[in-house]
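Each reported figure results from applying straightforward, stated rules to the coordinates on display, with no laboratory input. Everything quoted here is computed from the prediction, not taken from an experiment. Using ideal geometry, Cβ is built from the backbone for each residue, glycine included, and neighbour counts are taken over all protein chains shown.
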Amino acid sequence: MTPAQWRRQIGAMLRKEIRSEIRSPHGLLTGGLFGLLSVVAIMFAAFNMRLTPTLAAGLLWVIFLFSGVAAIPRSFIGEEENGTADLLRVTANPFSVFWGKSIFNAALTLITAAVLTGLFLVVMNLQVAYPGLMVASVLGGGLALSGAVTLCGALAARAASRQALAGAIALPLVIPVAVWGVTSLRVALGESGYEVGRGAAVGLIAYGVASNAVGPYIYAALWKR
Amino acid sequence: MLRGENLGKRFTDRWIFRRVNFELQPGQVLAVVGPNGCGKSTLLGIVAGLIPPTEGRVAMDSEKFGYASLAGELYAELTIAEHLELTADLRCCEPRTTELLSLVGLADSCDAPARTMSSGMRARLKLAIAVQDRPPLLVLDEPGAGLDRQGAAVLGDVVRAQAKGGAVLLATNDPEEVKLATHELEFA
């Protein structure tokens, strides 16, 4: 295929996802509500407490994981459950489908992560020691988290117990993301070890790129029964 | 154009069908007929590459084909026109939206979301999607289910037009649709 054909196919999947989300905003509502409820719960639990950078980073990543893992697997699992997957199988190629959905999931995750991070920082009155590292950590974390859960959704979509399998597959894929995420975020919030924090942020970005590069090949193997 | 060689499909320990052989040449319409549950849809799913056969193989001259199935769903939030736009982009072909909607009688409903469509309208849209890329082979699984008399006439026109240069593999229990066929493959 030519680059123009790739752009056309991936663009079509992305437009489809955006239209579906605007007209039936499941992803934003699920992810956003989960995240918002988590922030509110932590706010009440930590009222009058001063959070250390490590604890704050850990709590923020709990929020990311709740919102990300809840919302994203539905993009592939939803196609199977709604019966629309065969329409894609007879008209599209798996790489374009994966990348179109992956770009959408990444955008959704990044928007949710940015909003929840801003809200969390304000509500918990936290100071950011390294703004650049903070941005890299949230962006990298969003990219890595969306890559991991997109892949687990794609892997689990064809299974009989999709939801349960998606959760089980997500565990080993998401743990490295959470470790790197907390490491980079706590340094951004003032913990010592800038080099370690920067390395973790780079790791997140690399993980996000790798999961999106490898994911479609795995998805293509499961594309048709 | 299409050949099925010794096809068989088993689910767990139950064979749905075995040793099915057929050949389809340009200009032919092959109707797969049989009682409910005999494996007609499964056979068409195998031909479309959606279901792997347990044994045997399918040989096609071209990978390009159009597929429409009663069981297949559409995107509830997308309009009729947006479905055709989506499939055209995914196939990298011309959308032919106006032409196809006129062909299947949906020109007045192009902005209607799929969730508001009747079963007959969905069947017509699936037919439009199947023929959009002018495929040499059409694989139609109970395409007439839910169609009114006008819709059935549209289906007949599409099948006859397709048979002029291409071929059609059709699974049906409708005697009127069987009349469109040049050959039959009967499942017990």
Legend entry - Evaluated over the range B:106-188, the Cα radius of gyration and Dmax, each in Å: 13.1, 43
Legend entry - Qualifying trypsin sites (Lys or Arg not before Pro) for the range A:1-66 [loop in DSSP, other Cβ within 10 Å: at most 10]: A:ARG50
Inset, instruction - Find out how many positive minus negative residues lie around A:GLY100, taking Lys and Arg as positive, Asp and Glu as negative, among other residues whose Cβ is under 11 Å from that of A:GLY100. - result: +3
Legend entry - Relative contact order [Cα under 8 Å, 6+ residues apart], chain A, whole percent: 27 percent
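Cut-off is 10 Å between beta-carbons; in what order do A:LEU37, A:LEU139, B:LEU138, B:LEU170 appear when sorted fewest neighbours first?
Listed from fewest to most nearby Cβ atoms, that is A:LEU37, A:LEU139, B:LEU138, B:LEU170.
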Inset, instruction - Can you give me the three principal axis dimensions of the range A:43-169 from its C-alpha atoms, in Å, biggest first? - result: 56, 28, 18
Inset, instruction - Could I get the Rg over Rh figure for chain A? Both from C-alpha atoms, Rh via Kirkwood, rounded to two places. - result: 1.00
Legend entry - Contact order normalised by residue count of the range B:2-186, Cα under 8 Å, 6+ apart, percent: 32 percent
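I need the semi-axes of the equivalent ellipsoid of the range B:2-186: take the C-alpha gyration tensor, multiply each eigenvalue by 5, square-root it, list largest first in whole angstrom.
27, 17, 16
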Inset, instruction - Could you check how many percent of all C-alpha pairs in the range A:1-117 are farther apart than 21 Å? - result: 46 percent
Inset, instruction - Take the Cα gyration tensor of the range B:1-75, multiply each eigenvalue by 5, square-root it, and list the three semi-axes largest first, rounded to whole angstrom. - result: 19, 17, 12
Legend entry - Kirkwood hydrodynamic radius (C-alpha pairs) into Stokes-Einstein, the range A:115-204, 37 °C and 0.692 mPa s, D in µm²/s: 235 µm²/s
Legend entry - Estimated FRET transfer efficiency when R0 is 22 angstrom, pair B:SER118-B:THR98 (beta carbons, to 0.05): 0.55
Legend entry - Helix axis angle, B:119-131 relative to chain B longest principal axis, alpha carbon, degrees: 80 degrees
Inset, instruction - Can you give me the P(r) profile for the protein assembly as shown? Cα pairs, bins 10 angstrom wide beginning at 0, each as a whole percent. - result: 5, 20, 26, 21, 13, 9, 5, 1, 0
Inset, instruction - Rank these for me by crowding, B:LYS9, A:LYS101, going from fewest to most other beta carbons within 10 Å. - result: B:LYS9, A:LYS101
Legend entry - Which of B:ASP108, B:ASP61, B:ASP141 has the fewest Cβ neighbours within 10 Å, and the rest in rising order: B:ASP108, B:ASP61, B:ASP141
Inset, instruction - Kindly provide the helix-only [θ] at 222 nm of chain A, computed as the sum of -39,500 (n - 2.57) over DSSP H runs of four or more divided by all residues, to the nearest 500 deg cm²/dmol? - result: -29000 deg cm²/dmol
